[in-house]
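Below: one structure, written as structure tokens.
A short reminder: the numbers here are calculations on the coordinates, not readings from a lab. Nothing here was measured: the structure is a model prediction, and the numbers come from that model. FYI the Cβ positions are ideal-geometry reconstructions off the backbone, even for glycines, and counts take in every protein chain you see.
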């Protein structure tokens, strides 16, 4: 933490902007408070991405001298301060939640390293890839269990992480590149930016074995970060035309091959031929999209000056919605578009349900509209406390270490990394993942532990061994 304080003071002297210096200090707090003893630093990485969504505009404008929509059309600095406060509240909650579980003492029982051999893992991963697309399509045909089906499709990410984890641990970089290339290609053919999660899983697998003294590890993280940024800029520049064709051309929408060819040839060549001014404009759009400040900043300027605080009505509606799972309440109303909140509290007209669009408002803006400062920081702290306890609890309850790390990592990442997500979607997704993915994993872990027993205790299997060494049928 001393290094973070020194870095913040240095940045303050260089930029003469205390808010940028405070941002650096918050980033240091994230990585100091959320250190983990097992698995990748997923809590720190997820909260770092939230930090990026709060602060990236500050750094981009200072370093490039360019202007962004939020800097031109809003008083953005109060919202950045509030956003940093929300990030700190969640970080403190995560720290407290993990410590509460750790105070229970070391877990007992067998703790086998691997639940599956590498061959079995590849088979499960292949099946998940084959099933996930169809499952997502049919999920909407069964409204009462749609969220459960979608949550279970995230098992694919857990299996992908396990595959990448084994490959990273043995340095099989060619295979890693092939797997990532395949996953990124699949992600680019979707309606949304599905290429992000595979790259994040690769970053997490690399960070799990990260050695600050090894230049190869720094190079790997840097390369993955550059690829993510370039793909993000590319996606921002082409997604509108791409999505319009999906919505208007049925044969194109049903053919992944056509979409992949479009992305791989026409769109790539068009984007690659852009001049420097076009590329700079695409970078501006990318940062504008990533910096989730503009609409919340407009809302802060209007509440309570134009509209009063709601005194908890938004949170009460969220809790009521979450506590009424559709499987038991099939007539429950669907969540409204976040665009409605933007229109009402930011005072600006944005695309909504008619345009098949939802403009993010974000949990921080909702908390401010609900409670104002300082009570608005209580919900983020409580959410962080619960998620910290859930993360540490999964690592404790699940016996097979690779399964425990994978499940805890995927659930924590998906539940924590988005600053712009509403409370209803944030809490709903986290609860659904914990119940279905976490619950199913605990059941599988217990079943596997009963059917197989380690002959030599918790001895680790070779990460890429194709034989069940050290395990016998009981």
Legend entry - Ranked list, fewest to most other Cβ atoms within 10 Å of each Cβ, for 229, 86, 124: 229, 124, 86
Inset, instruction - Please arrange 62, 295 by counting, for each residue, the other beta carbons lying within 10 Å of its beta carbon, fewest first. - result: 62, 295
Inset, instruction - Multiply the residue gap between residue 100 and residue 316 by 0.36 nm, knock off their C-alpha separation, and tell me the result in nm, one decimal place. - result: 75.1 nm
Inset, instruction - State, as an integer percentage, the relative contact order of the stretch 1-114 based on alpha-carbon contacts under 8 Å between residues 6 or more apart. - result: 24 percent
Inset, instruction - For the stretch 25-93 and the stretch 183-239, write down the distance between their C-alpha centroids in whole Å. - result: 19 Å
Inset, instruction - For the stretch 390-446, calculate the relative contact order in percent as a whole number, restricting contacts to Cα pairs under 8 Å that are 6 or more residues apart. - result: 43 percent
Inset, instruction - For an R0 of 51 angstrom, estimate the FRET efficiency from the Cβ-Cβ distance between residue 15 and residue 331 and round to the nearest 0.05. - result: 0.40
Inset, instruction - Arrange 15, 10 by Cβ neighbour counts within 10 Å, fewest through most, would you? - result: 10, 15
Legend entry - Spacing of the two label points (7 Å from each Cα toward its C-beta) at residue 172 and residue 349, in nm: 5.7 nm
Inset, instruction - Could you work out the relative contact order of the stretch 298-452, using alpha carbon pairs under 8 angstrom and six or more residues apart, expressed as a whole percent? - result: 25 percent
Legend entry - Where labels lie 7 Å past Cα in the beta-carbon direction, separation of residue 443 and residue 244 in nm: 4.7 nm
Legend entry - For a label point 7 Å along the Cα-to-beta-carbon line of residue 64, residues of the stretch 70-108 with backbone N under 16 Å: 70-73
Inset, instruction - Rounded to the nearest 0.05, what FRET efficiency do residue 451 and residue 131 give with R0 = 35 Å and r taken as the Cβ-Cβ distance? Could you check? - result: 0.90
Legend entry - Distance between modelled label sites at residue 123 and residue 276, nm, 7 Å Cα→Cβ extension: 5.7 nm
